[in-house]
Each structure stands twice: as C-alpha cells, then as structure tokens.
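The values are calculated or read from the model by the stated rules, or taken from the named source; none is laboratory data. Note that the structure is a prediction, hence the values are computed from the model and not measured. For neighbour counting, all protein chains shown are included, and Cβ atoms are generated from backbone atoms with ideal geometry for every residue, glycine included.
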Amino acid sequence: MPLQFDIKAIIKRKAPNARVPNFLVRYLERIVHVKQMNAFLRVHTTERDYEFIQLVLDEELGCTASIDGTENIPAEGNPVIFVSNHPLGGLDGMIIAQMIHKCRNKRSLKVIVNELLMFMEPIADLWAPVNKVGHLSKEQAAEQQRMWESKVDVLTFPAGACSRLQRIDGKWQIQDLEWQKNFVQRAKEYKRDVIPIYFEGHNSRFFYALAYIRKLLHVKLNIEMLYLVDEMYGAHGKHFKVHVLPPIPYTTFDNTRTPKQWAQYVKSMVYGTNNTSC
C-alpha cells in the first residue's frame, strides 16, 4: 500500500488526548497540501533519501539552485559540521543536503531538524530529530550521541527555527534569531571543523506578518510553523543561491570567547557583517 500523509494520525500520535474539530483538520489538510503530497507519494512509492529529494525539487516544485564556493567543501576527509541560516524552514534544508551529498562524494549526512519532519518517511533516515516542544526520548538522545561519535557529517541550523522579520540596526530585515551554541561545543568536543553556509531566500509576507502578530500577542505556540509546507509549495519555480564559506578549524573556538559568543561570531560571518566584536 502506498505511503500516505495523514493529518489525523499525526495529531493522534503527538496529542492522543486532544479533540480537534473536523473543520480544523480539513483546514490543516489544505495548508499542508495533503492531497498534493499524497498524489506525489502514490506515484513515487520506492524512491528514498536523495533520490526522493531530487524528485521533489524537479517534479513537485520545479526549484533550482546555484552554488557558490563548492571548493570550500572537501570531497574527502574527516567528518564536519555544516551550519546554515534557515530562511525557508524546510526547502532550504533539502537543497543544502542534496548539495552536500554531491560535493562530499555521497558521504553519509544527518540533518538536525524538528521532530515533526520525521513523519516524512521517504527522507526520515536523513534526519536527526530535535523536539521543540518537549524532550527527546532516551532512544532519540542515544541516536544523536551515536551520530556525533560516528563518521557522518552533520548539517544544523543553529537558530533552531526559520528566519523572522526583525528590526536590526534601525532597519527591518529578514534574519535568523540568535544562533545557539551547541554546534560550537560539538565542534570542540568531537574535533570537527565547521563549514558555514548562507542560503539566499525568504518566505511570504503573510508568514512574517503572522509571526510578528503572534509575538505581539505573546502567543507562545509557533502558529506560523503550520504554514511552512504551504510556503514550500509557494516557492514553485524559484531559483535559489547558496554560498559556502571557507571551513573554520575547530581549534578556532578557543577560550577568548564563550561558545555563545563564538556562535554569534559565525552567524555574523554567514550574514556578511564580519563583526568581530562579541
């Protein structure tokens, strides 16, 4: 039987005691494009991982990407940590993962993502889940530990969420929230160099307006995240540019700055400010 994306099943699994009205389920099915996704899954029943991603990019979305700085991605060598800004919240991860896969001679890669993306079974093996609304299970925590101790590369988005509209230096800009320090700590602990990536792109005005209003109303639930699949389909036919910066040796992250300060330093490099004052 072909794999099908089932909103009701996901809700029941994540919140077994929740009672969600049928009209809300139908609305979620519409903004998550369930019919389109399931039609695609019925056709592509055997493809997995990078083959599946390529089909999504080519056939379902018609998206393309050009890469600047591929010479900064070594084809061989020790495992590294790729860190990137996160403007789109999903599509950017697929494009970057596909790029790394090709440049690293199809070396194994794990992408640290929101746990909800594990429901996309054809590419679930590529993900390393992070639970944004709770704690990882013991099994998931153990799996992440094995990942860091292994030889697989890791792609992470240190902001932990996609970019938001913010007022920075007196101007409204679409930029990541503060980058978390975890990748710096992991780089030092496991002696992994860090390769920064800047992805050019943005979501719709509706997405940023919704996020801004939610923040003004002090609503903690990340409502705009529900629209990320809709944003992905809204990117149909677009071309994206990806910039890969030179690797940062893990020895760079010394005691002259705290891990949190180093994380913001790398973020400033990615955004081109090159601001050394942390």
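Filtered by the rule that a residue be among the aliphatic types (A, V, I, L, M) and either surrounded by 11 or more Cβ atoms within 10 Å (Cβ to Cβ) or closer than 20 Å to Gln54 by Cα (or both), the stretch 16-41 gives Val20, Leu24, Val25, Leu28, Ile31, Val32, Val34, Met37, Ala39, Leu41.
Given the condition over 15 Å from Pro158 (Cβ atoms), of a type outside the set (D, E, K, R) and at pLDDT below 95, answer yes or no: does some residue in the stretch 238-252 qualify? Within the stretch 238-252, not a single residue is over 15 Å from Pro158 (Cβ atoms), of a type outside the set (D, E, K, R) and at pLDDT below 95.
Here Val56, Val25, Val43 are screened, and the one residue that is over 28 Å from Gln145 (Cβ atoms) and without any contact (Cβ under 8 Å) to a residue 12 or more places away in the chain is Val43. The set of residues in the stretch 116-127 being in a helix (DSSP H, G or I) and either surrounded by 21 or more Cβ atoms within 10 Å (Cβ to Cβ) or within 11 Å of the chain's Cα centre (by Cα) (or both) consists of Leu117, Ile123, Leu126. Any chance the stretch 129-141 includes a residue that's crowded, with 18+ Cβ neighbours inside 10 Å, at pLDDT below 95 and either more than 15 Å from the chain's Cα centre (by Cα) or not in a loop (DSSP other than H, G, I, E, B) (or both)? Taking every residue of the stretch 129-141 in turn, at least one turns out to be crowded, with 18+ Cβ neighbours inside 10 Å, at pLDDT below 95 and either more than 15 Å from the chain's Cα centre (by Cα) or not in a loop (DSSP other than H, G, I, E, B) (or both).
One line per residue, one yes/no per condition, for (1) closer than 26 Å to Asn222 by Cα; (2) modelled with pLDDT of 95 or more:
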{"site": "Arg42", "(1), (2)": "no, no"}
{"site": "Gly89", "(1), (2)": "yes, no"}
{"site": "Asn105", "(1), (2)": "no, no"}
{"site": "Leu109", "(1), (2)": "no, yes"}
{"site": "Phe119", "(1), (2)": "yes, no"}
{"site": "Pro122", "(1), (2)": "yes, no"}
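Of the residues that sit in the stretch 1-19 and are touching a residue at least 12 places away in the same chain (Cβ under 8 Å) and touching a helix residue (DSSP H, G or I) at 6+ places or on another chain (Cβ under 7 Å), which one is farthest from Ile223 (Cα to Cα)? Only one residue tops the list, namely Pro2. Scoring Glu76 on the criteria (1) of a type outside the set (A, V, I, L, M); (2) out of contact with any Leu (no Cβ under 8 Å at 6 or more places or on another chain); (3) under 21 Å from Asp153 (Cβ atoms); (4) in contact (Cβ under 8 Å) with a residue 40 or more places away in the chain leaves a single failure, condition (4).
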